[in-house]
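Colleague: Sharing a structure, written as structure tokens. Questions coming.
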Amino acid sequence: MSRYWSAFVHNLEPYVPGEQPKIANLIKLNTNENPYGPSPKVLEAIHFDVSDKLRLYPDPTSRELKEAIADFYKVNTANVFVGNGSDEVLGHIFHALFQHEPPLLFPDITYSFYPVYCQLYKIDYQTIPLTNDFQIDIADYLRDNGGIIFPNPNAPTGCLLALADIERLLKANTESVVVIDEAYIDFGGETAISLVDSYPNLIVTQTFSKSRSLAGMRIGFAVGHPDLIEALVRVKDSFNSYPLDSLATSAGVAAIKDDAYFRDTCNKVISSRDKLTASLNELGFEVLPSAANFIFTRHPAFDAADLAMKLRKEGIIVRHFNKRRIDQFLRITIGTPSENQHLLSVLDGLV
Ligand code: PMP
């Protein structure tokens, strides 16, 4: 490590993303991508007039994409903020909207980027244990805080909180910002965007990486009260006044407008998830109820790390977390029906 690094950077523990190996014929079920490609209309939109799209600077306000998102969710463009993936949007939220103390609250088992942002922006945080059956209990969050954040459905568990519970939290917690990270909401949950008009401290984030199959493009957004959005714009402009490149903007607009393709592919993933869950149950696996495009599962008689390693030898890559309470679980992304079938037949030979 360089002696010119600041002490702060020396001590930083960066986020470790899931592996992205480029090995032919590998069945990749480890980072929750969509098994279906993006809408064909996205591909047309990227190709159209590509020379000018690359020659000119993009629109610094991403107006077209904000309008398309606002139209889809029936909010105003002043309620919408866009960025390069929801990770970047979340980074701006941590920077601009959470207090440094009292502590930010989030679950002990959740998206592992949150503690990294806390380190980066020197935000004090407290993790709240999930219940014995791996659920978020809103009652545990009704305490003094500098903000609250959790994914709904939660990751990596896939467990969903009802909209009524989120509203209960918002009614009780009016002094700090509440962020609902809806990266996986389109696979079986109800978005909290409908609550934004009533609760000025609510921010909902979503991504085009999962349900709209554009993980490689990096498009994410937040919906909230215009005051909160304005704070994000201020931070964003200080880093990079162009939120999205021109190709991503065109892709995002085309993706959100192709509602039929979006619904069809989400429904396919949901139906595969339910079939995979039933088949895993038959093999003796316990599967947490999932509203996401992945499942979180364990087998009472077989070690999860060992199963992950054996699957890998058979060309199937799933996610294992070496973390207390969940080290006996595997997180498995829902693949195509034939990928899921292959996974099941390999597991059948292992358990
Ligand atoms: N939130 C959660 C809970 C996630 O699992 C992910 C994906 N790793 C993200 C946000 C970020 O997604 P992206 O940056 O691709 O929009």
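Colleague: So how far apart, in nm, are the two label points at D124 and M309 if each is 7 Å from Cα heading toward Cβ?
Modeller: Reported label-point gap for D124 and M309 is 4.2 nm.
Colleague: Taking 10 °C and 1.306 mPa s as the conditions, I'd like the Stokes-Einstein D for the range 144-192 in µm²/s, using the Kirkwood hydrodynamic radius from alpha carbon pairs.
Modeller: 142 µm²/s
Colleague: Within the range 1-85, report the GluC sites (Glu not before Pro) that DSSP leaves as loop and that have at most 14 other Cβ atoms within 10 Å.
Modeller: Of the GluC sites (Glu not before Pro), the ones in loops of the range 1-85 whose Cβ has at most 14 other Cβ atoms within 10 Å are E19.
Colleague: Return the FRET efficiency for the residue pair Q20, S198: r is the Cβ-Cβ distance, R0 is 35 Å, and the value is rounded to the nearest 0.05.
Modeller: Values: r = 40 Å, r/R0 = 1.15.
It comes to 0.30.
Colleague: Please arrange I334, I326 by how many other C-beta atoms lie within 10 Å of their C-beta, fewest to most.
Modeller: The order, fewest Cβ neighbours first, is I326, I334.
Colleague: Report the trypsin sites (Lys or Arg not before Pro) located in the range 1-73 that are in a DSSP loop and have at most 16 other Cβ atoms inside 10 Å of their Cβ, or state none.
Modeller: Those that pass, being in a loop and sparsely packed, are R3, K22.
Colleague: Take the alpha-carbon centre of the range 158-192, take the same for the range 289-351, and report the distance between them in whole Å.
Modeller: If you average the Cα positions of each part, the centres end up 28 Å apart.
Colleague: So, R0 is 22 Å and r is the distance between the beta-carbons of D274 and D327; what FRET efficiency does that work out to, to 0.05?
Modeller: According to the calculation, E is roughly 0.25.
Colleague: So if the hydrodynamic radius of the range 13-70 is defined as the Kirkwood radius over C-alpha pairs, what does Stokes-Einstein give as its diffusion coefficient at 25 °C and 0.890 mPa s, in µm² per second?
Modeller: Rounded to a whole number, D works out at 158 µm²/s.
Colleague: Could you tell me the calculated FRET efficiency between S2 and D59, based on Cβ-Cβ distance and R0 = 30 angstrom, to the nearest 0.05?
Modeller: Result of the calculation: an efficiency of 0.20.
Colleague: Using Cα positions and a limit of under 21 Å, work out the lysines in reach of K53, with same-chain residues fewer than 8 apart set aside.
Modeller: Leaving aside lysines fewer than 8 places away in the same chain, those within reach of K53 are K41, K66, K257.
Colleague: When a footprinting reagent is the concern and you count Cβ atoms within 10 Å, what order do M309, M217 take, fewest first? Intermediate values should be presented prior to the final figure.
Modeller: On the way: M309 11, M217 23.
Lowest to highest Cβ neighbour count: M309, M217.
Colleague: Another one. Once the piece of chain linking Y242 and R143 is laid out straight, how much longer is it, given 0.36 nm per residue of separation minus the C-alpha distance between them? Don't skip to the end; give the middle numbers.
Modeller: Working: separation 99, 0.36 × 99 = 35.64 nm, distance 3.79 nm.
Here the segment from Y242 to R143 would lengthen by 31.9 nm.
Colleague: Okay, next question. Expressed as a whole percent, how much of the Cα-Cα distance distribution for the range 64-167 exceeds 22 Å?
Modeller: 40 percent
Colleague: Using only the C-alpha atoms of the range 232-351, find the volume of their convex hull and express it per residue in Å³.
Modeller: On the way: hull volume 20.5 nm³, N = 120.
In the range 232-351, the Cα convex hull volume per residue is 171 Å³.
Colleague: How big is the C-alpha Rg of the chain next to the rule-of-thumb value 2.2 N^0.38 Å, as a ratio?
Modeller: 1.00
Colleague: Using the 10 angstrom Cβ neighbour count as an exposure proxy, how do F8, F94 rank, fewest first?
Modeller: Ascending Cβ contact count within 10 Å gives the list F8, F94.
Read the figures in this text as sums done on the coordinates, not as results from a lab. In this text, all values refer to a predicted model and were calculated from it rather than measured experimentally. Every residue, glycine among them, receives a Cβ derived from its backbone with ideal geometry; neighbour counts consider all protein chains shown.
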